[in-house]
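Beneath this line is the structure, given in structure tokens, with notes to follow.
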Amino acid sequence: MLTRRTTLFGLAGTSLSLAGCGGGANGQVEATPASDRNLLQVPVLYAGQKNGAITEYDLTLQSGRTAFFDNQFTPTIGINQSYLGPTLDMVNGADVRMNVTNTLEEDATLHWHGFHVPARYDGTPHQRIAPGETWTAQFQVRQKPSLFWYHSHAHRRAGPQVYHGLAGPIIVRDDEGRTDSLPHEYGIDDVPLIVQDRAFGSDGRLIYARSMHDIMMGMRGDTLLVNGVIDPAFECQTELLRLRLLNGSNARIYDFEFETQQSFLMTGSDGGHLEAPVRMSRIRLSPGERAEIMVDASHGVPLQLLARSLSGEMGMMDGGMMGGRWGRGNSRRSSEGSVFKVLLIVPNEQLRPSTATPAKLTTLPAIDPSKAIKTRRFVLEMGMGMGMRGRGGFTINGKSMDMARIDERVKLDTTEIWEVENASMMAHPFHVHDVQFRILDRNGRPPPEHEMGLKDTVLLSSRERVRLLLSFKDYADSDTPYMYHCHILEHEDAGMMGQFVIEA
């Protein structure tokens, strides 16, 4: 006999409630009082302002101070606030205008990660915003409902700028009057989790890239921040919780799982819903990747979400700075590697009922490799013996990033296969701008169920080969390029990046 609980969990998840986060004033601000540190902070939901047929978003890149620890403020940067930025609430089909003002003391950019936009509005290193300037990007939102994000893509400075806080989430919804059948009450049963590892000094300052090891491995820390909070707790008010996971770390790869090994339903990947929920007990996300999961809290027992960063499973040491090098961390070591606490979910005594997760979520276009007119090959490599900046050793197809060089030219309204090979000794997440692709196979084998949806970032283990199916539509610009690159930000900054244009 099916009880309410088994029906919910058969195709359902759990819901959580969140503590709010203060809004963003311009200039120097202080955020997250120490007394509230362990409550999960939900980023402010920012829907923009209507200006006729356009929805405008005003975003200010600014410096500030943030209290990650008791009685201690850390110098940070953020968007409309001291660290990170608000959740941009967008509607599929809406015309938006992004007004980005840079009050920092260095050039910066904002890239709309996962978005399909004209190249001149993509927020790449070519759209740099000088101190004191405002850059305006205007485009139509053409994304499926999902979690995306925006972050710095400044030339050779993406790593330190994101590390210090220049990033934020974007949630795209179907339309203004309709939501999907999944939990969608923001901050109550629909919660974004931005997961970032950081290293702090004894004075509370962020420590960034002090050694060649930090460049080679990518910058890693021993303290996990979730929406800017260390070891947060969340009071769950509903039976099902929709967690929108974003690996916003510079380099670390995580396996997310519950301490009790409780399973959950994965309902979405980078670019939108999966066709049907996939039951899992562990999900791996590399930097830039996202996943939506449904968690069942109807049993009323607290749940601890963990993130495991495994040692050596990618063919190269993954320990980074773990083990208390800086003495401020919230991780522990195990035989499997480093384990971080992500979120403690504490169910309320009287949970509100939730609707069961549908067995069918969406219909995706059939994957048809025969439509591809061309196959391109990309080989990711790491050389040894580079200088501290690392340039020249991190390459794609033997070439390090050159802003003046176009590496690939693609025809508008065509479909291609991109074969990506990781020839290096460690794992790399490969990100392509402008498109959501489909994974054809990994080393000749079909991808697992949870990787069969829309993706913009894919993780390649050492010596792995992945084939991707990409279609290039709507926007052509023979002069302004999009990027493809490793999403370990230190590798991107050091040269593991290339450029492509789409020509009519």
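The values are calculated or read from the model by the stated rules, or taken from the named source; none is laboratory data. Not measured: the values here are computed from a predicted model. Cβ atoms come from the backbone with ideal geometry, glycine included; neighbour counts cover every protein chain shown.
The figures follow:
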{"read-out": "Some residue of the range 466-475 being closer than 27 Å to residue 217 by Cα and among the hydroxyl-bearing types (Ser, Thr, Tyr)", "value": "no"}
{"read-out": "Residues (part of a strand (DSSP E or B), buried (at least 17 other Cβ atoms within 10 Å of the Cβ) and among the acidic types (Asp, Glu)) located in the range 218-245", "value": "239"}
{"read-out": "Pairs where the first residue, in the range 223-237, is under 16 Å from residue 70 (Cβ atoms) and the second is charged (D, E, K, R), C-beta under 6 Å, 6+ apart", "value": "223/198; 223/328; 225/198; 231/341"}
{"read-out": "Which numbered condition residue 48 fails, given (1) small (Gly, Ala, Ser); (2) modelled with pLDDT under 95; (3) in contact with a Phe, Trp or Tyr (Cβ under 6 Å, 6 or more places away or on another chain)", "value": "(2)"}
{"read-out": "Lone qualifier among 204, 165 - being assigned to a loop (DSSP other than H, G, I, E, B) and either in the same structural domain as residue 42 (by TED's automatic domain parsing) or without any contact (Cβ under 8 Å) to a residue 12 or more places away in the chain (or both)", "value": "165"}
{"read-out": "Test: residue in the range 22-39 that is modelled with pLDDT of 95 or more, over 14 Å from residue 83 (Cβ atoms) and assigned to a loop (DSSP other than H, G, I, E, B)", "value": "no"}
{"read-out": "Filter result for the condition that a residue is in contact with a strand residue (DSSP E or B) (Cβ under 9 Å, 6 or more places away or on another chain), over 26 Å from residue 268 (Cβ atoms) and at pLDDT 95 or above, over 472, 500", "value": "500"}
{"read-out": "Filtered residue count, the range 190-217, keeping only those that are of a type outside the set (A, V, I, L, M), crowded, with 17+ Cβ neighbours inside 10 Å and modelled with pLDDT under 95", "value": "1"}
{"read-out": "Strands (runs of 3 or more DSSP E) contained in the range 326-383 and holding at least 3 residues at pLDDT 95 or above, surrounded by 19 or more Cβ atoms within 10 Å (Cβ to Cβ) and of a type in the set (A, V, I, L, M, F, W, C)", "value": "337-352"}
{"read-out": "Residue in the range 105-121 that is farther than 22 Å from residue 431 by Cβ and either among the polar types (S, T, N, Q) or not assigned by TED's automatic domain parsing to the domain that holds residue 499 (or both) present", "value": "yes"}
{"read-out": "Every pair of residues 6+ apart whose Cβ atoms lie under 6 Å, when the first sits in the range 293-312 and is part of a loop (DSSP other than H, G, I, E, B) while the second is of a type in the set (Val, Ile, Thr) and surrounded by fewer than 19 Cβ atoms within 10 Å (Cβ to Cβ)", "value": "302/346"}
{"read-out": "Which listed residue, of 148, 139, is assigned to a strand (DSSP E or B), in contact (Cβ under 8 Å) with a residue 40 or more places away in the chain, closer than 22 Å to residue 41 by Cα and not assigned by TED's automatic domain parsing to the domain that holds residue 240", "value": "148"}
{"read-out": "Residue within the range 463-477 that is crowded, with 23+ Cβ neighbours inside 10 Å, in a loop (DSSP other than H, G, I, E, B) and touching a residue at least 12 places away in the same chain (Cβ under 8 Å) present", "value": "no"}
{"read-out": "Selection status of residue 405, more than 26 Å from the chain's Cα centre (by Cα) and farther than 24 Å from residue 148 by Cα", "value": "yes"}
{"read-out": "Filter pass, residue 85 being surrounded by fewer than 17 Cβ atoms within 10 Å (Cβ to Cβ) and among the small types (Gly, Ala, Ser)", "value": "no"}
{"read-out": "Boolean, residue 409 is surrounded by fewer than 21 Cβ atoms within 10 Å (Cβ to Cβ) and either assigned to a loop (DSSP other than H, G, I, E, B) or touching a Lys or Arg at 6+ places or on another chain (Cβ under 8 Å) (or both)", "value": "no"}
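Residues checked against (1) surrounded by fewer than 20 Cβ atoms within 10 Å (Cβ to Cβ); (2) modelled with pLDDT of 95 or more; (3) not polar (S, T, N, Q); (4) not in a loop (DSSP other than H, G, I, E, B):
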position: 1; (1), (2), (3), (4): yes, no, yes, no
position: 7; (1), (2), (3), (4): yes, no, no, yes
position: 12; (1), (2), (3), (4): no, no, yes, no
position: 58; (1), (2), (3), (4): yes, yes, yes, yes
position: 64; (1), (2), (3), (4): no, yes, yes, yes
position: 75; (1), (2), (3), (4): yes, yes, yes, yes
position: 105; (1), (2), (3), (4): yes, yes, yes, no
position: 115; (1), (2), (3), (4): no, yes, yes, no
